[in-house]
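Computed from the coordinates by the stated procedures, all read-outs in this text should not be read as laboratory data. Treat the numbers as computed from the prediction; the structure is a model and nothing was measured. Glycine also receives a Cβ, built like all others from the backbone with ideal geometry; neighbour counts cover every protein chain displayed.
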Amino acid sequence: MAVAEKRARAESGETKGRGGSRLFEPFRALGYIASGVAHSIQYRGQSAFVATAIGRSFHVYDAEKIRLLFVGPRLDADVSSVLSIGDETFVSAGGQVVVCRRGKRVAELEPVGRGEIGGLMQFGDFVIGISEDNAVVVWERSTREVFTEIEFESESFRVTAVVHPSTYVNKIVVGSAQGTMQVWNVQSRRCLYEFKSFGCGIACMVQAPAIDVLALGLLDGRVLLHNVKLDRPVMQLAQEGRVTAIAFRTDDVPMMATSSAEGDVALWDLDNRRLAHVMQGAHDGAVAALDFMMGQPLLLTSSADNSIKEWLFDGLDGVPRLLRQRSGHFGPPQMVRYHGDDGRTILSAGRDRALRLFSVFRDEQNAELSQGSLERESRRRGVSVADLRLPPIAHFASNAAMSRDWDDVLTCHQGSRNAHTWSVERRAMGKYTVESPDQSIVRAAAISACGHFGLLGLASGAIEMVNMQSGLSRRTFAGHAKAVTGIQTDACNLRVYSSSLDGTLRAWDFATGAQAGCVELPSTPSRMAMHVEGGLLACVCDDATVRVVDAESLRVVRTFAGHRNRITDLAFSNDGRWIVTGSLDSTIRTWDLPTGHMVDWFRVESVPVSVAFSPVGDFLATAHMDSVGIFLWASRAQFADVSLRQISPDSVGDGGAALVALPTSAGLADDEAEGDGADADADADSSMYLVPEQLTANMVTLSSQPKSKWQTLLSLATIKRRNMPEKAPRAPEQAPFFLPTVSGVEHKFDLGGAAGAADSAAGGSGPESKIVSVSTESALARVLGRARETMAYAPVFDYLKELNPSAVDAEIRSLPVDDGLAALGTFIAAITAQLQSKRDFELAQAYLQVFLGAFADIITANAAELEPRLSALRAECKAQWTVVDGLIRYSTCMVEFMRSAR
């Protein structure tokens, strides 16, 4: 937007609704792997690729290493089905089917207006989908148009699955929730045959390795192998729970795998018609799909627990082992914190009872910290893996100072009297379990700056210090009357700070355990954070207020109020200038400590439950109430100048801002990101003071050009002499007279031109000769000519400002003198007009010096003809220099006076 337009809008007081944050830009989401939507596998030669749905987008992985290759665009609704065919991925979301190639949206199938489309399936050159209004829709892949639609009565036949039997031309088999199947000819749209009900609804159908045989998974756990040609059952098996997916091995081993909604995978020996093995707890959620890799003893499964796993059959007993996996939280994270000082690693604790490690830059390094051999223990005890996990983590602390020597993470768990140590280096639980000495619940944790000591805040009000290397108790801090809600330590192990439900913030001597001070807060503190370098403590209180306490004097120095609901978390910026808070009012706000004002806020789609600022200041990490991912927001202050202003908390209403969409795995779309940024910049400009080009008409102003630009112009001759080569350039090699050369720095021959000349000499039809007219008038001369006609000299200076010093010198020296001195007179008039406008004083003087140095003899010889213009220029220069010289002398006198006064 032009400066004039911004100034006009600011003067008119025009405002607009906020569309995003002025300080933070959506970057990307971490921890999204898969969902409850079935994956799709596509083979390209010997390589296999897996497409999984994640919310409103999709991922494409390399099946060999489960390495993320592509991330799809952000769609308008959650993805309900994905299908990979060749280089294209068909994605159904919100009633439309989008076609993507290498993660980019390229086309869209013809809409049918039948609601959500699911169960996408390839059918030769067609794509088949099941619509929400109980119809089977067929599209042509090449034209993207609807080929046919087959409608069904919902009361008698509710479509749940579609399969194309091998070798059956133009025919599909449709399964229903009533337990019946129908064979349809897609070309003629006729029902060819209807099977009797199997007594239970059909959940899934796949083609068996044998011709004419389909495998049916029913809602009551039965698995039927049925011959559709003879309408005769081949085999019937049963598992516990609803069948969600079926797959057959393709490496000449007669094995079938079925999955259940409880996360179990059953393996069946088809030769002996018996159950071979049950992989109990293979996933923590319903298995969405499973597939045996083509010709390999490898089973790939994906689940609603946000994971993809590969199981290898390499044992003689036929029991698979977990080969590799990619997983994330399947319960929303409750607390996220950066680990280490480089800002590359994030630790998160979620409702799924897991402590996970996420890399900001490399997804391959993401891992769950192990809690031991839970699967082996579950088999020994006969219980599920979920029952053996630790309770959900309520609070944790980490310090990477001694990561290579001993455990560096300390966790406390909901309703637990024990705290546990963990090692990020080993990606596993640590050696020690610390029990509460008074058998009260552990509520808060902290690790000293040196990494040697861990501190536990108990529900009884006591604070227990333990040695991280040995796990032994070292000291107890007693004084709080109620449960401890937060613990922090300083950088030198001199003091320990704690907050409690008794409404106090206390300081303790680290060495003796004696109380060193106490602050009575107006409201109960529920959470505490500390900026160690700045010596500031920030307490979240139950009255939705953040109170900042000076750690040295224990006085409240700042109070930030404005949230309309309970504050869930807070974090200091790396430089200690800002405090970022998240609240149940779905807003994330930034408070400026030096001024004591709110300087930024934005409303998100989901309630933020935890926030963490990067130690290097590049990202803000957030976790939200109903999302399993961790979201990164880039700080605009890292790569641009951000203008912040005071925002009154009272001006932030419940619906005063548009919801900001959370970033996806690939960040927001370019247009969305640019739109948010434009809105934020526009909002910032509306309240920003714009410096005018000239404060008053009587003030002489300088240009905004770099100082070196006009200084180089005045010393250009000296610079050229200094840069003159010591040796003369080497003469080019001798060439025949008929070989022309090509213009340029490097000496080359124009062989093409020589060949053309030879052809012409031989009488061939060469290129037609063209007469090229070359104008000797310089660009500056043309600009001066237009200025002479319009009497507007501003374009002359605008043109010269765009040139470098060498080009300015060349343009001025190349002014023509054979036009009756018209160009020289116009240039003198342009300099005079610029001085009269009192703008760009130093540039006008520099251009004038170059001009006089080049044409002094011509001006002297024609002084009578140029006298009127020279007189006006002389008078204007004298008047302007009188003003500037007076200001310089006044400033010099003031400096001398102040120096002598000292």
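In table form, for the structure just shown:
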| quantity | calculated |
| --- | --- |
| Relative packing of 49-55, 59-65, which averages over residues the other C-beta atoms within 10 Å, highest first | 49-55, 59-65 |
| Of 536, 477, 218, farthest towards positive along the dipole that unit charges on Lys, Arg, Asp, Glu beta carbons give the chain | 477 |
| Set 720/878; 309/431; 171/196; 707/727 screened for pairs whose C-alpha atoms are more than 24 Å apart | 720/878; 309/431; 707/727 |
| Cβ-defined net charge surrounding residue 122, 14 Å radius [Lys, Arg +1; Asp, Glu -1] | -3 |
| Equivalent ellipsoid semi-axes - Cα gyration tensor, segment 244-318, angstrom | 20, 13, 10 |
| Local electrostatic count at residue 592 - Lys and Arg +1, Asp and Glu -1, tallied over other residues with Cβ under 13 Å | +3 |
| Relative contact order (percent, whole number), the chain, Cα cutoff 8 Å, 6+ residue spacing | 8 percent |
| Partner aspartates and glutamates for residue 801 [C-alpha distance under 16 Å; skip if fewer than 8 residues away on the same chain] | 693, 809, 811, 840, 842 |
| In Å, descending, principal axis extents of the Cα set of segment 28-243 | 51, 36, 33 |
| Projected label distance in nm at residue 321 and residue 362, using a 7 Å step from Cα toward the beta-carbon | 2.5 nm |
| Residue 132-residue 559 FRET efficiency (beta carbon distance; Förster radius 30 Å; 0.05 resolution) | 0.05 |
| Bins of 10 Å from zero: percent of alpha-carbon pairs in the chain | 2, 9, 14, 14, 13, 13, 13, 10, 7, 3, 1, 0 |
| Segment 512-653 - convex hull of the alpha-carbon atoms, volume per residue in Å³ | 131 Å³ |
| Whole-Å semi-axes of the ellipsoid equivalent to segment 779-901 (Cα gyration tensor, √5λ, descending) | 31, 16, 14 |
| Distance-filtered residues of segment 391-419 - backbone nitrogen under 11 Å, label point 7 angstrom along residue 377 Cα→Cβ | 391 |
| Alpha-carbon centroids, segment 484-549 and segment 252-288: separation in whole Å | 54 Å |
| Taking segment 28-243 and dividing mean pair separation by its residue count, relative contact order in percent (alpha carbons under 8 Å, at least six apart) | 8 percent |
| Pair-distance profile P(r), taking every C-alpha pair of segment 86-207, with 5 angstrom steps and integer % | 2, 11, 22, 24, 20, 12, 6, 2, 1 |
| Additional length obtainable on full extension of the chain from residue 236 to residue 889, 0.36 nm per residue less Cα span | 224.5 nm |
| Value of relative contact order over segment 244-318, rounded to a whole percent, pairs C-alpha under 8 Å and six or more apart | 26 percent |
| Amide H within-cut-off set for residue 624, under 5 Å, with H built and near neighbours excluded | 609 |
| Theoretical ellipticity at 222 nm over the chain - DSSP helices of four or more residues, -39500 (n - 2.57) apiece, nearest 500 | -6000 deg cm²/dmol |
| Within-15-Å neighbourhood charge of residue 282 [Cβ basis; K, R +1; D, E -1] | -2 |
| Simple label model, 7 Å out from Cα along Cβ direction - residue 143 to residue 516, nm | 8.1 nm |
| In nm, spacing of pseudo-spin labels at residue 818 and residue 836 (7 Å Cα→C-beta vector) | 3.3 nm |
| Residues listed by number, segment 811-826, amide nitrogen under 18 Å from residue 849 label point at 7 Å toward C-beta | 811-813 |
| Kyte-Doolittle at least -1.0, axis length at least 30 Å by Cα - qualifying DSSP helices, the chain | 863-901 |
